[in-house]
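Reading through the structure tokens given below for one structure.
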Amino acid sequence: MRREPAIGGLRYASALVTTNLKASLALRGAFWLQASFMLLNNVTFFVTWLIFFHRFNEVRGWRLDDMLVLFAVVAGGYGLFNVLAGGALQLARAIGDGDLDPILVQPRPPLLQIVASRSTASGWGDLATGVIFLSLATRSHLAAAPLGLAAIVASAVVFTASAVLLQSLAFWLGRIEVVARQMLEFQITFGLYPSSLFGGALRVVLYTAIPAGFVGYLPAEFVRTASLPALAALFAGTAFFVALALVVFHRGLRVYESGSRFGGVW
Amino acid sequence: MSARQRSRATPAYLAYAALGARREFAGKATLAARMLFVAVILLVFSRVWAAVLERGLLAGRTRADLVWYIVITELVMLSFPYLHLEVEADLRSGDLVARLPQPVPYAAARLAESAGGMAVRLALLTPMALTCGAVFGAGVPGDLRGVVVALVLVFPAACLAVLSSAAIGLSAIWLHDASPVYWIWQKLAFALGGLLLPLEVYPHWLAAAARWTPFAAMLNGPGRMVFGLDGGDAARVAGQLLFWNLAGAVFVAWLWGRALRAIETSGG
Amino acid sequence: MAAIEVKNLSREFRASVRHGGMGQAARRLFRPEYRVVRAVEDVSFVIEPGERVAFIGPNGAGKSTTIKVLCGVLHPSAGEVRVAGFVPWRERRALGYTIGTVFGQRSRLWYHLPANDTFDLLARVYSLDNAGYRRRRGELVEAFAIGDLVAKPVRQLSLGERMRCELVASLLHRPGILFLDEPTIGLDVVAKATLRELVHSRSERDGTTVLLTSHDTGDMERVCDRALVIHRGRLMLDQPVGSLRSGFIRRKVVTVVTAEERVDVDLPGVRVVGRAPQRTVLEVETDRTRIETVVQAILDATAVHDITVEDPPLEEIVQAIYERAERDASPGGSP
């Protein structure tokens, strides 16, 4: 076996990311339409919150700036996830159709290849929303800006891990793309509201089954307070979901049937 | 078109409507998922409004009022089939061009199909939506007659949404990708129609401006009926919806004509 | 060391049973019912380095399943496999450097990008050094005549053009073993011929072992030296492609063009299967009358302008093999 120096792995990873971005830019017209309209879409959506806080000023300790940070983290994280790891959203379909085959015969970690095999143009619009909202929210205390970027990265990692986790269930359950996507939508929806609104059992759900807390509330809390405990919790949660996603995906590979279970050709 | 031809065309539209209806039954699971989604929104906003009301920031409204308002507006947004996706797909696959020589005009057939689908959606979703309203609103609004009027108005409001969706789908002829246009339309409807917040909490200038748009007639119009029966206001909303539906139909017809010309010159 | 060694390979699939109404569907959610399908059953063979082997059989015979196990894509249910000395599903990464694959129905090329971009990425996938990669790519691009295709987005290529690019993509890292799963599926006659010729000449030149699956006997005939025939998951036949004919069917077709209107040959096992003015087609059962005897009889009978002696099309031979397999299997009543 050829031994692989680490540098080769890095060069491979950067080539993969470059190729992926090139592919998403290949259809220039569609790229700009989707990216700019997604930004516009997010800004228009946020109008509801502008109106809300204009009228009520503060709810359960939350103000407009807090909402801006939360929205920035969720949109930015989801955008970064779509730009760099959009392939994760295709995983369940690829499992069902047997599209993992050409990836599995290459001598590289399959999950990395799948995840980075697609980049969604609208993701750039989300990412831009994140950056713009973040700079608006931290305009008076610029020190928080780097924290915000770190929070966006953490949020993107948790989004990727949850997408892989949900979509990997297709190894056992078959055609679940729609459900998997829906679950991720729930994660976004819940992530967009302060979790101080939710109590008891629901809050537990939001940090476990639907890890909305880790893509929104917790990273946003870290930006707001710059506190070490928030950082520690964020780091632990992110690491946990990444590890879980890796384990589930690799267990799934063992029962991968290359599309044969669902009426394929033997 | 002679009278005899017309009498033959009517069952064709009915057949398309039935087709749309059957398709909705097949997609029950998706509908249930979207309803679950609305339940999440209702849950969130029942908490939001509870927090607002406990600080006495909004006089004269109960939590039930505000949650049921969202029940109605979401019912409008949920009950129209995504015609733009169909039209876009037909344009991409060339099915639209293939269907042009058929005796029933494509646009009319698709609209009939949507109407059938919408009827089924409303029948399936209304009980679910009302249940969610009772659960998350912790009760029902004081004046149930208002709820009845609101439910009646949901239908013309959803028709307006279908017409919008048709126009968005046709835009794919020029833009090649209709989804981004749909996002913007949807978010404008949220903001200017008052999907989550009734227009009365908006700044006055914004509320006044929003009332001139079809979005306010489509969402806030039926939604605010749950606050209590007001015959005059109900008639006004019904009139606005009638006006915007007519305007929408004219616009779609005009767009359809332009689209046909674009297809003829480019060969699809 | 053999290039590929397969011993008693089996692979089962559990196909979920789907019938009945909503109630049963709900029950199955908690207690799923499965039907076990044996896609591959107790298959054994050895392939030596440099051999070109065709794996043929009708749809659903188990060809693709076997090749996918050999590539490390599927885990087998039972049996031992070594490819280039590696156990595929356990040493997938190491195996990856030594094999090349083309799956006819799946693409490795990035759809919206020119094939060159995929090639560049593959150079990183296989850690090729820059100079060596450029040389190899240049050589392959020339051999496969894709010089003016590699700069166009893949989506603009015809299927035949795309498959040539796929093949180049699979050969960049000089694999010792090449797996081709239905490489000519969907191609037109000309594109098929080109692709077969390219695979054959490349493997001769590089000494590559080739294992291809196909349900088109032409692939086997033009590319391979040896055929494995699989049917209902079992290996039915393993022999050189050339001897498939002589070994399996004792029948030849003789076409004669004569000066006279017609010619008649009255010999046992010879019958007329086609007739036109000055042209006669005869079918000869070679174990009843030798072909030389028949030709001599014709020459004695009339003045011959032209005469051809042919084997029946391979397609027919393979069909006969399947039919015999079917007959052999039916008393046992396998599913």
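In the set (1) more than 14 Å from chain C (Cβ to nearest Cβ); (2) open to solvent by less than 30 Å² (accessible area, probe 1.4 Å), the condition left unmet by A:L231 is number (2). Return only the number of the condition from (1) within 14 Å of another protein chain (Cβ to nearest Cβ); (2) open to solvent by less than 30 Å² (accessible area, probe 1.4 Å); (3) free of Cβ contacts under 8 Å to residues at least 24 places away in the same chain; (4) part of a helix (DSSP H, G or I) that B:L197 does not satisfy. (4) is the only condition that B:L197 fails. The set of residues in the range C:160-200 that are of a type in the set (D, E, K, R) and over 13 Å from the mean Cα position of the chain (by Cα) comprises C:E161, C:R162, C:R164, C:E166, C:R174, C:D188, C:E197.
Per-residue answers, yes or no, for (1) touching a residue at least 40 places away in the same chain (Cβ under 8 Å); (2) open to solvent by 40 Å² or more (accessible area, probe 1.4 Å); (3) facing chain C (nearest Cβ under 10 Å):
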site: A:T18; (1), (2), (3): no, yes, yes
site: A:A85; (1), (2), (3): yes, no, no
site: A:L91; (1), (2), (3): yes, no, no
site: A:R108; (1), (2), (3): yes, no, yes
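Here is a list: A:A30, A:A75, A:A35. Which entry is within 14 Å of chain B (Cβ to nearest Cβ), part of a helix (DSSP H, G or I) and open to solvent by 20 Å² or more (accessible area, probe 1.4 Å)? Working first, answer last.
Values: A:A75 fails: open to solvent by 20 Å² or more (accessible area, probe 1.4 Å); A:A35 fails: open to solvent by 20 Å² or more (accessible area, probe 1.4 Å).
Exactly one of A:A30, A:A75, A:A35 is within 14 Å of chain B (Cβ to nearest Cβ), part of a helix (DSSP H, G or I) and open to solvent by 20 Å² or more (accessible area, probe 1.4 Å), namely A:A30.
If you go through the range B:172-188 and keep only what is facing chain A (nearest Cβ under 9 Å) and in a helix (DSSP H, G or I), you end up with B:L175, B:S179, B:P180, B:V181, B:W183, B:I184, B:Q186, B:K187, B:L188. Please verify whether A:F52 is within 14 Å of chain B (Cβ to nearest Cβ) and touching a Phe, Trp or Tyr at 6+ places or on another chain (Cβ under 9 Å), treating the condition exactly as stated. Judged against the criteria, A:F52 is not a match. Annotation: B:G223 fulfils all but one of (1) assigned to a helix (DSSP H, G or I); (2) free of Cβ contacts under 8 Å to residues at least 40 places away in the same chain; (3) open to solvent by less than 30 Å² (accessible area, probe 1.4 Å); the unmet one is (2). Would you confirm whether any residue within the range A:201-211 is more than 20 Å from B:F45 (Cβ to Cβ), small (G, A, S) and open to solvent by 10 Å² or more (accessible area, probe 1.4 Å)? Yes, the range A:201-211 has at least one match.
When A:S140 is tested against (1) in contact (Cβ under 8 Å) with a residue 40 or more places away in the chain; (2) among the polar types (S, T, N, Q); (3) out of contact with any helix residue (DSSP H, G or I) (no Cβ under 7 Å at 6 or more places or on another chain), only condition (1) is not met.
Counting only residues that are open to solvent by less than 60 Å² (accessible area, probe 1.4 Å) and under 15 Å from the mean Cα position of the chain (by Cα), which one in the range B:241-258 is nearest to B:V149 (Cα to Cα)? That would be B:L241. The range C:51-138 holds strands (runs of 3 or more DSSP E) entirely within its bounds, and those carrying 3 or more residues that are more than 19 Å from A:D101 (Cβ to Cβ) map to C:52-56, C:78-83. Please tell me if A:V47 is closer than 24 Å to A:V223 by Cβ, β-branched (V, I, T) and surrounded by fewer than 20 Cβ atoms within 10 Å (Cβ to Cβ). So A:V47 fits the description; yes.
Applying the condition of being within 14 Å of chain A (Cβ to nearest Cβ) and assigned to a loop (DSSP other than H, G, I, E, B) to the range C:1-18 and asking which residue is modelled with the lowest pLDDT yields C:R18. Pull out all pairs, ordered by first then second residue, where Cβ-Cβ is under 7 Å, the residues are six or more apart or on different chains, the first lies in the range C:105-118 and is facing chain A (nearest Cβ under 7 Å), and the second is among the small types (G, A, S). These pairs meet every condition: C:R108/C:A169; C:W110/A:A23; C:H112/A:A23; C:H112/A:A26; C:L113/A:A23; C:L113/A:A26. Inspect all residues belonging to the range C:49-63 and state whether any of them is more than 21 Å from C:R11 (Cβ to Cβ) and touching a helix residue (DSSP H, G or I) at 6+ places or on another chain (Cβ under 9 Å). Yes, the range C:49-63 contains a residue that is more than 21 Å from C:R11 (Cβ to Cβ) and touching a helix residue (DSSP H, G or I) at 6+ places or on another chain (Cβ under 9 Å).
In the range B:9-34, of all residues being hydrophobic (A, V, I, L, M, F, W, C) and at pLDDT below 80, the one that is nearest to B:S79 (Cα to Cα) corresponds to B:L31.
Within the group A:L184, A:L147, which residue is open to solvent by 10 Å² or more (accessible area, probe 1.4 Å) and either modelled with pLDDT of 90 or more or in a helix (DSSP H, G or I) (or both)? Just one listed residue meets the conditions, A:L147. Which condition from (1) farther than 24 Å from C:I321 by Cα; (2) open to solvent by 10 Å² or more (accessible area, probe 1.4 Å); (3) in a helix (DSSP H, G or I) is the one that C:R222 breaks? Evaluating C:R222 over (1) farther than 24 Å from C:I321 by Cα; (2) open to solvent by 10 Å² or more (accessible area, probe 1.4 Å); (3) in a helix (DSSP H, G or I) leaves (1) as the failure. Exactly one residue out of B:L75, B:L100 is within 24 Å of B:S164 (Cβ to Cβ), open to solvent by 60 Å² or more (accessible area, probe 1.4 Å) and not charged (D, E, K, R), and it is B:L100.
When restricted to residues that are touching a Phe, Trp or Tyr at 6+ places or on another chain (Cβ under 9 Å), outside any helix (DSSP H, G or I) and under 27 Å from C:S127 (Cβ atoms), the range C:175-208 contains 5.
Determine which member of the set B:A51, B:A59, B:A15 is without any contact (Cβ under 8 Å) to a residue 60 or more places away in the chain, more than 12 Å from every other protein chain (Cβ to nearest Cβ) and either over 28 Å from B:V148 (Cβ atoms) or buried (at least 21 other Cβ atoms within 10 Å of the Cβ) (or both). Steps first, answer last, please.
Details: B:A51 fails: more than 12 Å from every other protein chain (Cβ to nearest Cβ); B:A59 fails: either over 28 Å from B:V148 (Cβ atoms) or buried (at least 21 other Cβ atoms within 10 Å of the Cβ) (or both).
None of the other options fit; the residue is B:A15.
Among the candidates C:P76, C:P49, single out the residue that is open to solvent by less than 30 Å² (accessible area, probe 1.4 Å), more than 7 Å from every other protein chain (Cβ to nearest Cβ) and in contact with a strand residue (DSSP E or B) (Cβ under 7 Å, 6 or more places away or on another chain).
It is C:P76.
Looking at the range A:187-217, which of the residues that are assigned to a helix (DSSP H, G or I) and touching a residue at least 60 places away in the same chain (Cβ under 8 Å) is farthest from the other protein chains (Cβ to nearest Cβ)? This residue is A:F214. For the structure I just gave you, tell me whether A:I7 is more than 24 Å from A:T120 (Cα to Cα), modelled with pLDDT under 90 and either at the interface with chain B (Cβ under 7 Å from one of its Cβ atoms) or in a helix (DSSP H, G or I) (or both). It is true that A:I7 is more than 24 Å from A:T120 (Cα to Cα), modelled with pLDDT under 90 and either at the interface with chain B (Cβ under 7 Å from one of its Cβ atoms) or in a helix (DSSP H, G or I) (or both).
The values are calculated or read from the model by the stated rules, or taken from the named source; none is laboratory data. Source: prediction; values computed, not measured. A quick note on method: Cβ atoms are made from the backbone with ideal geometry, for glycine too, and the neighbour counts reach across all protein chains shown. For the accessible areas, the whole protein counts, side chains as well, though only heavy atoms, and no ligand, DNA or RNA atoms are used. Shrake-Rupley method; radii C 1.70, N 1.55, O 1.52, S 1.80 Å.
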